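See below for the structure under consideration.
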Amino acid sequence: MPRGRPAKATEAEPPANKRSRTTTTQSSRRKVARPDDDEYGDADSEDELDPSERRRLVSNAVRVLLQCDTNKHPIRRADITSRAFAKYKGSLSTKTTKSIIEDAYEILKDAFGFEVCECQRATKDPSKKKATTSGFILKNTVPESLREGVKWSDTDLTDKGLLITILSLILLNQLPLDRDSLYEQMALLGFSAKDANHPDHLDHAEVGSLEKALKKFCSEGYLTKNKVKGEKRVLFSPGPRSAHEITQESIFAFLATVFGEELDASLLKQLKLQYGSTNTTSTTAAQPPPQTTSTRQIAAQGH
């Protein structure tokens with residue numbers, strides 16, 4: 001090339017690393033919903049909710065959770081998303097939906113005193129030790145001292161008294177409790193068969209049908225009913241809701257009151273040593289309790 005002649009200008013190409021970054025950025029914007037995205041919705045769709053719409057969806061989630069809990073049945077995530085976010089038909093991103101539901105949980109706890117707890121049910125297969133999740137429940141976290149002024153209906157008080165009685169009998173028998181044994185012990189408390197043709201249908205003048213009450217407690221998750229494979233026996237044990245709403249200490253206090261004792265620290269310690277390690281979701285037979293000199297011994301003598 002002759003000296004002094006300007007070189008022909010050529011268009012500079014972008015560096016290879018810049019081209020790769022551009023390609024990567026463009027491809028990242030074209031994400032596809034994966035088959036493992038959960039029931040919340042599309043995990044990769046963009047969140048375009050404005051603050052007012054987000055507040056509306058949070059309020060919807062709170063309302064749905066409160067409505068679902070009125071029948072005492074476990075709440076499924078699918079129920080929340082399908083009813084609270086029906087307008088979006090699953091198009092909300094997983095991140096957005098989880099964030100909205102978490103905000104709803106916070107409002108339930110701060111404004112209403114409810115904590116959302118996972119509801120686990122023991123597997124019916126004894127070879128599988130892992131419990132299965134059957135949904136969520138709302139646990140009342142308001143201190144007992146603030147509930148003293150609450151007036152319960154006669155029906156609620158009757159159900160509560162019957163339930164804690166049954167749970168006490170199950171606890172004293174070291175889990176689970178055979179239906180025939182339960183009926184025998186309930187007969188000592190005033191339940192009787194009105195129909196001679198159905199001696200297993202026990203009724204009480206004030207409580208009503210024991211069979212209907214057991215069915216209700218099982219459907220609400222307070223009790224778990226299991227049939228023994230190859231036998232006609234039916235076993236009752238505490239359900240997943242009982243583990244959250246009814247503490248063993250409250251059952252111990254109930255038993256102490258029944259037997260005219262004061263639940264002091266010493267007696268509570270003895271009761272916890274006896275029953276504290278009991279698995280409330282177990283469906284296997286337990287060993288007979290050792291003899292002691294406390295409320296447990298008095299209760300054992302009554303069986």
- prompt: Regarding the range 207-266, what are the three Cα extents along the principal axes, ordered largest first, in Å?
  reply: 43, 27, 22
- request: Sort largest first and round to whole Å: the equivalent ellipsoid semi-axes of the range 185-230, each the square root of five times a Cα gyration tensor eigenvalue.
  value: 21, 15, 9
- request: Work out, step by step, the length gained on full extension between Glu144 and Arg55: first 0.36 nm times the residue separation, then minus their alpha carbon distance; give nm to one decimal.
  value: 28.9 nm
task: Using a Förster distance of 45 angstrom, determine the FRET efficiency expected from the C-beta separation of Arg83 and Thr257, and round it to 0.05.
output: 0.60
query: Under a point spin-label approximation (7 Å from Cα along Cα-to-Cβ), what is the Asp200-Ala111 distance to one decimal in nm?
result: 4.8
- request: Would you mind calculating the gained length between Asn226 and Asp180 on full extension (0.36 nm times residue separation, minus the Cα-Cα distance), in nm to one decimal?
  value: 15.2 nm
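Using only alpha carbon positions, build the gyration tensor of the range 170-260, then give the equivalent ellipsoid semi-axes as the square roots of 5 times its eigenvalues, largest first, whole angstrom. Display every interim value, and only then the final one.
Working: eigenvalues 97, 66, 34 Å².
For the range 170-260, the ellipsoid semi-axes come out as 22, 18, 13 Å.
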- line: By the mean-Cβ-within-10 Å protection proxy, highest first, 95-102, 267-274 rank as 95-102, 267-274
- prompt: Hey, what's the per residue convex hull volume over the C-alpha atoms of the range 135-219, in cubic angstrom?
  reply: 138
- prompt: What full-extension length gain, to one decimal in nm, is calculated for Glu249 and Lys72 as 0.36 nm per residue of separation minus the Cα-Cα distance?
  reply: 61.4 nm
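Since every read-out is calculated from the coordinates, none of them should be taken as a lab result. In this text the structure is predicted, and so the values were computed from the model without any measurement. Glycine gets a Cβ as well: all are built from the backbone with ideal geometry, and neighbour counts include every protein chain shown.
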